[in-house]
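Presented below is the structure to which this report refers.
All of the numbers you see were taken from the coordinates with simple rules; none came from a lab. Remember, predicted model here, so these are calculated numbers, not experimental data. Positions of Cβ are backbone-derived with ideal geometry, glycine not excepted, and every protein chain shown enters the neighbour counts.
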Amino acid sequence: MDEEARPRPNGLDVTAPNWARVGNYLLGGKDHFAADRKAAEEILFYAPEIRTMTVELYEFHARVIRHLAGIGMDQFVVIGAGLPSSCNTHEVAREVRPGARVVYVADDPVVLSHGRALLATDADTGVVEGDLLHPAGILADPVTRRLIHPGRPVVVTIPTRLQFTPDVDDPFKRVAELRDWMPIGSHLVVSHAVLDSRPKAADGVVPVYQRVFRRSEDASRTREQVQGFFDGLEMLDPGLVYIRQWRPENALAARQAERIWMVGGVGRKVLP
């Protein structure tokens, strides 16, 4: 089907790049438009490892979800969900914990449309329109209230959105609001690109991100700054590390971890 003739969800602007669709292109998917491909290729020009980083992020996320499902977690909220993939949270969790309930939160029309179509017959999974900057709306949504049982531990995972959210938007405050809502025994999962080991990439990559998100601020952070999102939580081993180093399935997978300049970690809410 010709790109111009493809059906489009209401509110979809195909002339501006969108990070969910850029990510889909980097993963070899088909749900993207010319503006998304152009932005992706610009990023790859300055940092060709971004394609590998995108794949590694999904693998990190899958390892975390399997681990948490393995220790009893069966409620998950994914904030900033991307397009459906082969590593959907509900599918990964249910490999270990059948019946796990998952809420996907997104603000992109394509993600919302695809997610709702895919999950229309899944009573234990839902899609909420919302974003990180408005956690109260996510928590009050009828879908969240139906699927996430209050008082029981929950996993809140924020795969990428924080790395595009500048300090002026108070992301640390928003994450703290989510932390305060989470019952004891809950877990927060954060992954975030950092430029500690690749500072020269910033000059080319950051302007593309700013254009994609239509922002003038730079949301770049160091590994030390990212650690602040876990304030008040107890870190699971091995702490906040390059994502290749987080409980790799084999030791070789963690070699040259800094080349994939994204860190990730899991914090657990414990009694004060």
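In a DSSP loop and with at most 14 other Cβ atoms within 10 Å, the trypsin sites (Lys or Arg not before Pro) in region 116-223 are Arg214. Taking amide hydrogens as placed 1.01 Å from N in the peptide plane, the amide H of Val127 sits under 5 Å from those of Tyr104, each at least 5 positions away in sequence or on another chain. The modelled label-to-label distance for the pair Lys200/Arg259, using points 7 Å beyond Cα in the direction of Cβ, is 1.6 nm. Residues whose amide H comes within less than 5 Å of that of Met235, counting only those at least five positions distant or on another chain, are Arg268 (H built at 1.01 Å from N in the peptide plane).
Against the empirical curve 2.2 N^0.38 Å, the C-alpha radius of gyration of region 170-272 lands at a ratio of 1.19.
Cross-link partners of Lys30 among lysines, defined as those whose alpha carbon lies under 23 angstrom from its own and excluding same-chain residues fewer than eight positions apart: Lys38.
Packing-based ranking of 29-36, 73-80 yields 73-80, 29-36, ordered from highest to lowest mean Cβ neighbour count within 10 Å. Overall, the anisotropy analysis places region 34-102 in the prolate class: the square-rooted eigenvalues a ≥ b ≥ c of its C-alpha gyration tensor yield a/c not less than 1.5, with a/b exceeding b/c. Converting phi to 3J(HN,Hα) with the Karplus coefficients 6.51, -1.76 and 1.60 and the offset θ = phi - 60°, region 132-149 yields 4, 6, 10, x, 4, x, 5, 6, 8, 4, x, 5, 4, 5, 6, 8, 9, 6 Hz in sequence order, with x at every glycine or proline. When only the Cβ of Lys, Arg, Asp and Glu is charged (+1, +1, -1, -1), the dipole of region 153-266 relative to its Cα centre reaches about 480 debye. Counting every Cα pair in the chain, what percent are over 28 Å apart? So the pairs more than 28 Å apart make up 32 percent of the total in the chain. Between His134, Gly185, Leu195, the Cα set farthest toward the positive side of the dipole of region 130-200 (charges on each charged residue's Cβ, about the Cα centre) is that of Gly185. Excluding Glu59 itself, what net charge comes from residues whose Cβ is under 12 Å from its Cβ, given Lys and Arg +1 and Asp and Glu -1? It works out to a net charge of +2. Comparing Ser220, Trp246, Leu236 along the charge dipole axis of region 208-253, the residue lying farthest to the positive side is Ser220, per the Cβ-charge model. Dipole magnitude for region 71-135: about 160 debye, using +1 per Lys or Arg Cβ and -1 per Asp or Glu Cβ, origin at the Cα centre.
Backbone geometry of region 151-168 corresponds, through the Karplus equation with coefficients 6.51, -1.76 and 1.60 at θ = phi - 60°, to 3J(HN,Hα) couplings of x, 9, x, 9, 9, 10, 10, 10, x, 9, 4, 4, 6, 10, 10, x, 4, 4 Hz, x marking Gly and Pro. Across the chain, C-alpha contacts under 8 Å between residues 6 or more apart give a mean separation that, scaled by the residue count, equals a relative contact order of 18 percent.
Considering only C-alpha atoms, what is the centroid distance from region 130-147 to region 240-272, in Å? A separation of 28 Å, based on Cα centres. In order along region 67-77, the phi-based Karplus estimate (6.51 cos²θ - 1.76 cosθ + 1.60, θ = phi - 60°) of 3J(HN,Hα) comes to 4, 5, 5, x, 9, x, 6, 9, 10, 9, 10 Hz; Gly and Pro are listed as x.
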